[in-house]
Amino acid sequence: MVAPPLLTDPFILAAAALLLAALAVFLWFRSRKPWLSRIRRKPLLTANEAEFFHRLQRALPGFHVFPQISFAAFLTYDGQLSKNAQWAVRAKFDRKIADFVVCERRTLKIVAVVELDDRMHDAKADRQRNAITKAAGYQTIRYQSRQKPSEAEIAALFQHARAWVNA
């Protein structure tokens, strides 16, 4: 019995083997981490936040302004708690994000946390966030998204901001 010419052609056999290998790799990756195929990039800031970020930078040339900073990057517990209590305290802030953190340019000490509140902000949650940052000694400044201050107003407010660091 003679094999059909397609099954003996080395190029066709190589192409078929590559196609099967590619299919196997695709199915293997898809079955291992199907959620990875659902991940997409997104902008760091909304258009409104980006505009305000640049306004803060222009108003505060003597400071660094950092957007979208995790509370866990600048808060911690006092070190005098049991492991369970440490995790309980950390759970109160570890998933919260500050809109902007303003730091001294030379030392990177935090001067203030700046929040840009839109209509979706919850006053009770905002009070809790303010209490958390205040407990750590940070000044929180809140601006309404629809009534953002001018660069001059921001600069005037931060004129004595370095005193907040040592307060």
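Below, the figures for the structure above:
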read-out: Among (1) part of a helix (DSSP H, G or I); (2) surrounded by 11 or more Cβ atoms within 10 Å (Cβ to Cβ), the one test that ARG142 misses; value: (1)
read-out: Flag for LEU157 being over 24 Å from the mean Cα position of the chain (by Cα), in the same structural domain as ARG55 (by TED's automatic domain parsing) and under 18 Å from ARG58 (Cβ atoms); value: yes
read-out: Test for LYS96: is it within 29 Å of the chain's Cα centre (by Cα) and not assigned by TED's automatic domain parsing to the domain that holds ASP118; value: no
read-out: Residues that are out of contact with any strand residue (DSSP E or B) (no Cβ under 8 Å at 6 or more places or on another chain) and under 19 Å from PHE74 (Cα atoms), drawn from the stretch 126-155; value: ARG127, GLN128, ALA131, ILE132, ALA135, ALA136, GLY137
read-out: Which numbered condition PRO149 misses (of (1) assigned to a loop (DSSP other than H, G, I, E, B); (2) under 21 Å from the mean Cα position of the chain (by Cα); (3) crowded, with 17+ Cβ neighbours inside 10 Å); value: (2)
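The values are calculated or read from the model by the stated rules, or taken from the named source; none is laboratory data. The structure displayed is predicted, hence computed values, not measured ones. Cβ atoms come from the backbone with ideal geometry, glycine included; neighbour counts cover every protein chain shown.
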